[in-house]
Amino acid sequence: MHKRTLFRSALAAAALAACGLSFADDNVFKIGLILPMTGQQATTGRQIEAAAKLWMAQNGDTVAGKKVQLIVKDDTSLPDVTRRLAQELVVNEKVNVLAGMGITPSALAVAPIATQSKTPLVVMAAATSSITEASPFVVRSSFTLPQVSVALADWAPKNGIKTVVTLVSDYGPGIDAEKYFSERFLFNGGKVADKLRVPLRNPDFAPFLQKVRDLKPDAMFVFVPSGAGAAVMKQFAERGMDKAGIRLIGTGDVTDDDQLGDMGDVALGVVTSHHYSAAHPSPVNKKFVADFEKANKGLRPNFMAVGGYDGMRIIYDALKKTGGKGGGEALLGAMKGQIFESPRGPVFIDAQTRDIVQNVYLRKVEKKDGQLYNVEFDVIKDVKDPGKSRK
Ligand code: DHB
């Protein structure tokens, strides 16, 4: 009798423990945020992590009765590491969402894991057009290079730029930028004197800039990933290219708000096209910038931060809508079609493509209160990724 009672209570305890465990698990919602926190792309990781934490500080960590847990992993921007971390997060941590993806090769490495495990993958940084087509579980909160490149190719010929040399990082987003800028520029009657591609890893811009100098185009169109702009700008000035009458234009990655404050006067007057400027004059952005700077010792948020902040919002709203029921597929469904006002302006997650539709701004670097900013002077509204309609 005694034995039986003991056995029974042991069983009950085990059941309770199991119950408690599943109770705890059901009430936690895990976001696996994989970012480059060290290495060449570390500023991207720092910006996105800070923005994700700001979102949570402003909106709480309980959504639809669940405790949101952010698990940040450093992939050092090596895609093999990103893949391994994503696998561990899905299998061991059983994350509900994968997010982050500092560079295109990382996003492409994780896409098959998202598909197989039916886990939504919120791409907050990487910006090659084709990423959303690598998995039906990808949703993008950043931008695409085709989306932001075309506007500049319309602006340039109307502003005295007839010949251009393109200089891009030699991988997905650079090749997208080169293609979409050049095609549109040619269509508008411009001439592309040469197309130069610089390695992504440890780039030495000097020989490429020398080549541009020798070709003497009206302008050099640049795409380099976030974090590399200051080096381009410095070497451009050192070679006296601005004094030789060559203008620097590019996508806003080159006048990245993370670095712009320290670029010096060589950046003054540089015209770029992009989806976000810390100087965007909306009340939503002013509050975002002030709160971000306050929480991060004066660090200015850049376009990566906005991708992270909006990505968190997309996840939170999808969790609110589904109450966490229905797993990854329901969550994905609730991410599609979201419309909201971002610090960058109005945005929309196209339900068909799962890519972001947003305004693209033309901006010029100017001094505001003694600091350099990308000041917006024109806008093209609700721009879809032009990369999608081609395929
Ligand atoms: C990518 C990375 C960047 O830092 C950037 O500014 C744009 C694109 C990318 O790898 O997709």
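The values are calculated or read from the model by the stated rules, or taken from the named source; none is laboratory data. All values reported here derive from a predicted model rather than from experimental measurement. FYI the Cβ positions are ideal-geometry reconstructions off the backbone, even for glycines, and counts take in every protein chain you see. In case anyone asks, the SASA skips ligands and DNA or RNA and just uses the protein heavy atoms, side chains included. Shrake-Rupley method; radii C 1.70, N 1.55, O 1.52, S 1.80 Å.
Things to note:
- Residue ID - surrounded by the most Cβ atoms within 10 Å (Cβ to Cβ), chosen from residues in the range 237-265 that are more than 20 Å from the chain's Cα centre (by Cα) and outside any loop (DSSP other than H, G, I, E, B): Leu248
- Top-ranked residue in the range 293-326 [being farther than 18 Å from Thr62 by Cα and more than 17 Å from the chain's Cα centre (by Cα); ranked as most open to solvent (accessible area, probe 1.4 Å)]: Lys297
- Selection from the range 169-196 of residues that are crowded, with 23+ Cβ neighbours inside 10 Å and within 24 Å of the chain's Cα centre (by Cα): Ser169, Pro173, Gly174, Asp176, Ala177, Glu178, Tyr180, Phe181
- Taking the range 46-164 as the region of interest, the strands (runs of 3 or more DSSP E) fully inside it that hold 3 or more residues being surrounded by fewer than 24 Cβ atoms within 10 Å (Cβ to Cβ) are 66-74.
- Residue match in the range 203-215 (condition: in contact with a helix residue (DSSP H, G or I) (Cβ under 7 Å, 6 or more places away or on another chain) and closer than 20 Å to Gln41 by Cα): yes
- Among the residues listed as Lys195, Lys216, the single one being at positive phi, of a type outside the set (S, T, N, Q) and away from the ligand (no atom under 16 Å from the Cβ): Lys216
- Pairing residues of the range 203-214 that are open to solvent by 40 Å² or more (accessible area, probe 1.4 Å) with residues that are of a type in the set (Lys, Arg), at Cβ distances under 9 Å and at least 6 apart in sequence or on separate chains, gives Phe208/Arg197; Gln210/Arg239; Arg213/Arg239.
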